[in-house]
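Structure first, then comments.
The values are calculated or read from the model by the stated rules, or taken from the named source; none is laboratory data. Quick caveat: nothing in here was measured; it's all calculated off a predicted structure. Cβ coordinates were reconstructed from backbone atoms using ideal geometry, including for glycine residues, and neighbour counts include every protein chain displayed. Side chains included, ligands, DNA and RNA excluded: accessible areas come from the protein's heavy atoms. Shrake-Rupley method; radii C 1.70, N 1.55, O 1.52, S 1.80 Å.
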Amino acid sequence: MSRRIIFATGNEHKMIEIRQILGDLGWEILSMKEAGISIDIVEDGTTFEENALIKARAVASCCDDIVLADDSGLEIDYLNKEPGIYSSRYAGEDTSYDIKNQMLLDRLRGVPREKRTARFVCAVAAVIPGQEPMVVRGTIEGYIGEQPAGENGFGYDPIFYVEDRNCSTAELTPEEKNARSHRGNALRQMRKKLKNLLTEA
Ligand code: ITT
């Protein structure tokens, strides 16, 4: 089996975290761009898992390598789990995260702390030649703060706060975020499955 993993994502921030988390797997990890794959993928699933599989299958149809994909997002309980699977499209794909974050803070204005609960969700799918596709889910629980804070991370990190530290995930170091994040959690589960497969092969 090839020792290359192609990650079906166009999001460079995700790629940085993926490389940090899966770095010790000893496999070559390429983004779709680095693998020379350029396709438009319609994410029309109704769950994170479905969308992760849609992305992985689409890229797998263009190569013979192991393909992984990440579909992730922010669920805010007070907003009936919005933006959820529409996180990157919330308020329009081209709208900056400063604006998206401010819009969510505005919608939560006056909402007390105990009702501001939220989580990041990440589904990671793997499509491996000759194997059944696999999907795992990781989450991190937290709450939406009163204002954005921190410069690390990306997307909704400045408004997503973790309970035990009372700071946003944009204020955590990359190592601290990866150790507890939805993506870290899902990718570590997938890494175990891939290692098992590799030792069986
Ligand atoms: P690909 O589909 O190409 O992977 P994308 O950015 O469109 O890239 P998603 O459809 O999975 O990815 O959307 C995920 C969005 O959820 C992402 O753009 C962020 O806005 C948000 N998100 C996911 N993980 C996050 C994290 O760790 N920190 C902050 N925001 C995150």
- Message: Condition first: of a type in the set (S, T, N, Q) and in a helix (DSSP H, G or I). Now tell me which residues in the stretch 167-181 satisfy that.
- Response: Asn178
- Task: Evaluate the stretch 182-191: report whether one residue or more is in contact with a strand residue (DSSP E or B) (Cβ under 8 Å, 6 or more places away or on another chain), in a loop (DSSP other than H, G, I, E, B) and either surrounded by 13 or more Cβ atoms within 10 Å (Cβ to Cβ) or among the β-branched types (Val, Ile, Thr) (or both).
- Result: no
- Note on the structure: Scanning the stretch 3-18 residue by residue, the ones that are more than 14 Å from the ligand (Cβ to nearest atom) and either exposed (fewer than 13 other Cβ atoms within 10 Å of the Cβ) or within 12 Å of the chain's Cα centre (by Cα) (or both) total 1
- Message: I'd like the residue in the stretch 102-129 that is closer than 19 Å to Ser181 by Cα and of a type outside the set (A, V, I, L, M, F, W, C) and, out of all such residues, is nearest to the ligand (Cβ to nearest atom).
- Response: Arg119
- Answer yes if at least one residue in the stretch 70-86 is within 12 Å of the ligand (Cβ to nearest atom), at negative phi, buried (at least 18 other Cβ atoms within 10 Å of the Cβ) and in a helix (DSSP H, G or I), and no otherwise. yes
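What about Gly153, is it within 10 Å of the ligand (Cβ to nearest atom), at positive phi and touching a strand residue (DSSP E or B) at 6+ places or on another chain (Cβ under 6 Å)? Don't jump to the end; show me each part of the working.
Details: within 10 Å of the ligand (Cβ to nearest atom): yes; at positive phi: yes; touching a strand residue (DSSP E or B) at 6+ places or on another chain (Cβ under 6 Å): no.
Answer is no for this residue.
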- Are there any pairs with C-beta distances below 7 angstrom linking a residue in the stretch 40-55 that is at negative phi to a residue that is away from the ligand (no atom under 12 Å from the Cβ) and not in a loop (DSSP other than H, G, I, E, B), with the two at least 6 apart or on different chains, and if so which? Phe48/Arg137; Glu49/Val135; Glu49/Arg137; Ala52/Val135; Leu53/Val135
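Looking at the stretch 87-166, what strands (runs of 3 or more DSSP E) fall wholly within it and have at least 2 residues that are small (Gly, Ala, Ser) and open to solvent by less than 50 Å² (accessible area, probe 1.4 Å)? Full working, then the answer.
On the way: elements: 117-127, 134-144, 160-162.
In the stretch 87-166, 117-127, 134-144 are the strands (runs of 3 or more DSSP E) which contain 2 or more residues that are small (Gly, Ala, Ser) and open to solvent by less than 50 Å² (accessible area, probe 1.4 Å).
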- Query: Assuming Cys62 fulfils every condition listed in (1) open to solvent by 20 Å² or more (accessible area, probe 1.4 Å); (2) within 14 Å of the ligand (Cβ to nearest atom) apart from one, which condition is it?
  - Reply: (2)
- Item | the stretch 121-147: number of residues that are within 14 Å of the chain's Cα centre (by Cα) and free of Cβ contacts under 8 Å to residues at least 12 places away in the same chain | 0
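Does Ser96 meet the test of being in contact with a helix residue (DSSP H, G or I) (Cβ under 8 Å, 6 or more places away or on another chain), within 14 Å of the ligand (Cβ to nearest atom), polar (S, T, N, Q) and modelled with pLDDT of 95 or more? Full working, then the answer.
Values: in contact with a helix residue (DSSP H, G or I) (Cβ under 8 Å, 6 or more places away or on another chain): no; within 14 Å of the ligand (Cβ to nearest atom): yes; polar (S, T, N, Q): yes; modelled with pLDDT of 95 or more: yes.
Considered against the rule, which asks whether it is in contact with a helix residue (DSSP H, G or I) (Cβ under 8 Å, 6 or more places away or on another chain), within 14 Å of the ligand (Cβ to nearest atom), polar (S, T, N, Q) and modelled with pLDDT of 95 or more, Ser96 comes out as no.
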